[in-house]
Amino acid sequence: MDAASITGGCACGAVRYRIAGAPLVSVTCQCGSCRRAAAAPIVAWIHVEESDFAITAGAPVAHASSPDVTRTFCGRCGTPLTYRKVGYAAKLDVTTCSLDAPDAFPPIVHVWTSHALGWVALADGLPCLPEGPPED
Ligand SMILES: [Zn+2]
Ligand SMILES: [Zn+2]
């Protein structure tokens, strides 16, 4: 993974960010919380060191989607940007599809497949975890 030039932002361009290091892992999530937050059947995430992540323009809005989870999004256009769980310590998830080059970071596993909608069928052969990833 090319860590030199990982940048991204929201759809309207108000919020931009940069990630200094390589993602630790790339996943998709089908949990009900991600699904509702993005209004999408599947949400792709890269997991990064929080210290590697920096907002370079704008200021995302934060929302506590669970008592221990903070999600951020653009307050103008609504693009979901990050997910941070208390148990993550110094890690952060960033929506893969807010990256400028999302194709550079394909998922290696699908999580929360037990929450999958009945009309979603994955056929890429990647491992599936019925529930979430192990806490780190
Ligand atoms: Zn925006
Ligand atoms: Zn999720």
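Highest GNM mean-square fluctuation, the chain, Cα pairs closer than 10 Å: which of Ser66, Ser98, Ser114?
Ser66
Evaluate E = 1/(1 + (r/R0)^6) for Ala40 and Ala11, where r is the Cβ-Cβ distance and R0 equals 22 Å; express this FRET efficiency to the nearest 0.05.
Between Ala40 and Ala11 the formula returns 0.95.
Select from Val120, Val109, Val43 the residue whose mean-square fluctuation is largest in a Gaussian network model of the chain (Cα-Cα springs shorter than 10 Å).
Answer for the Gaussian network model of the chain: Val120.
Averaged over all directions, how much area does the convex hull of the C-alpha atoms of the chain cover when projected, in nm²?
Averaged projected hull area, Cα only: 7.8 nm².
Express the Stokes-Einstein translational diffusion coefficient of the stretch 1-78 in µm² s⁻¹, to the nearest whole number, given a Kirkwood radius over alpha-carbon pairs, 4 °C and a viscosity of 1.567 mPa s.
D = 95 µm²/s.
Among residues other than Ala37 whose Cβ falls under 14 Å from its Cβ, what is the net charge (Lys/Arg +1, Asp/Glu -1)?
Computed value for this residue: +4.
Could you check the spin-label model distance between Ser51 and Glu131? Points 7 Å from the Cα along Cα→Cβ, value in nm.
3.1
Bear in mind these aren't lab numbers, they're just calculated from the coordinates by the rules spelled out. Every value quoted in this text rests on a predicted model; they were computed, and no experiment measured them. So basically every Cβ, Gly included, is an ideal-geometry build from the backbone, and we count neighbours across all protein chains shown.
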